[in-house]
Amino acid sequence: MAASAPGRARRGWRRARAAGSPLSPAAVVLLLSASAVLAPPSVGDLLRLPRGFRYTQDSAKIVGSPGFPENSTTQITSTGSLVFQNFEESMSGVYTCFLQYKPTVEAVVRNLPLKYVIYAYREPHSYYQFTARYHAAPCNSIYNISFEKKLLQILSKLVLDLSCEVSLLKSECHRVKMQRAGLQNELFFTFSVSSVDTDKGPKPCTGHNCESSKRLAKAKNLIERFFNQQVEVVGRRAESLPEIYHIEGTLQMVWINRCFPGFGINVLKHPKCPECCVICSPGSYNPRDGTHCLQCNGSLVFGAKACL
């Protein structure tokens, strides 16, 4: 931050304290650029970073005062830049830059406070949820349990190379009355397919195609192809149908976008990033994997997970 008028200027940073639990290293890094000097007071700033981002000394800078004390989470460079390292939820809050300057050499020193609100941001928990139904053996049959385990193994192996994982969310067996076939047993499955860290997969992944959304899109296509092939195999059978088989037309896949507790999407407050999961402001909270922060007048901190 530099004074546009002649004369010397002194800069200093101060922030309001806010409570919250820590994030993992490099989970959140925020940027408030030097050009923000021209912004009005109480401006919120955040920066969406790709998953797998690793912090470096030049990743995020805020122009401040070289005389400001340092600690384990911030560093003041010799050029007056304030650098955040391993940003945590508790570091969200109101930051004030005090600019002391003289319009002329003979004039008295003036003090100009500039306030900014900096919000922590986390990648949303995004995944596909899909349901499928199978004609089944009697609901108390051990064959249904064995088939469930085998199906989960096949689906998990199908997306393994994409650094994705399939989880069984719900499995139910019901006696269903059909219009022509009478009563029959059916298995109702609900699965989720989500991405995992690329460095945990069987193969290293680099480049644009390693983005979580692209890997999930490929996983979705593989799963849809798998169930379509099951329908084709059953349709080509000359003999009687097997006891357990996929029922055509029952596969449904939906995209789920959820924020972690303490974070939420707020298009009105953060219009520049309408899909960002931003830390809940004081006066709101998110207790579980919801999409939005809920109103709570008793919540006085950033990132509240309960209405106290």
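Per-residue accessible area (protein heavy atoms, 1.4 Å probe) orders Asp161, Asp289 as Asp161, Asp289, starting from the largest.
Relative to 2.2 N^0.38 Å, what does the C-alpha radius of gyration of the stretch 152-308 come to as a ratio? Two decimals please.
With N residues counted in the stretch 152-308, Rg over 2.2 N^0.38 Å equals 1.41.
Put simply, the amide H of Leu294, placed in the peptide plane, has neighbours under 5 Å in Tyr285, Asn286, leaving out anything fewer than 5 places away on its chain. Taken per residue, the accessible surface of the stretch 215-256 reaches 63 Å², heavy atoms only and a 1.4 Å probe. Separation of the stretch 117-172 from the stretch 224-276 is 10 Å, based on Cα centroids.
Extension gain for Glu224 to Met178 (0.36 nm times residue separation, less C-alpha to C-alpha distance): 14.0 nm.
When all protein chains stay in place and ligands, DNA and RNA are ignored, the 1.4 Å accessible-area order of Met178, Met91, Met253, largest first, is Met178, Met253, Met91.
The phi torsions of the stretch 86-96, fed into the Karplus equation with coefficients 6.51, -1.76 and 1.60 and a -60° offset, translate into couplings of 6, 4, 10, 4, 5, 8, 5, x, 8, 10, 10 Hz, rounded to whole numbers, with Gly and Pro shown as x.
Once backbone amide H atoms are built at 1.01 Å from N, Tyr119 has Asp45 as its partners under 5 Å, excluding neighbours fewer than 5 places away on the same chain.
The values are calculated or read from the model by the stated rules, or taken from the named source; none is laboratory data. Remember, it's a predicted structure, so these values are computed and weren't measured experimentally. These accessible areas exclude ligands, DNA and RNA; they are computed on the full protein's heavy atoms, side chains included. Shrake-Rupley method; radii C 1.70, N 1.55, O 1.52, S 1.80 Å.
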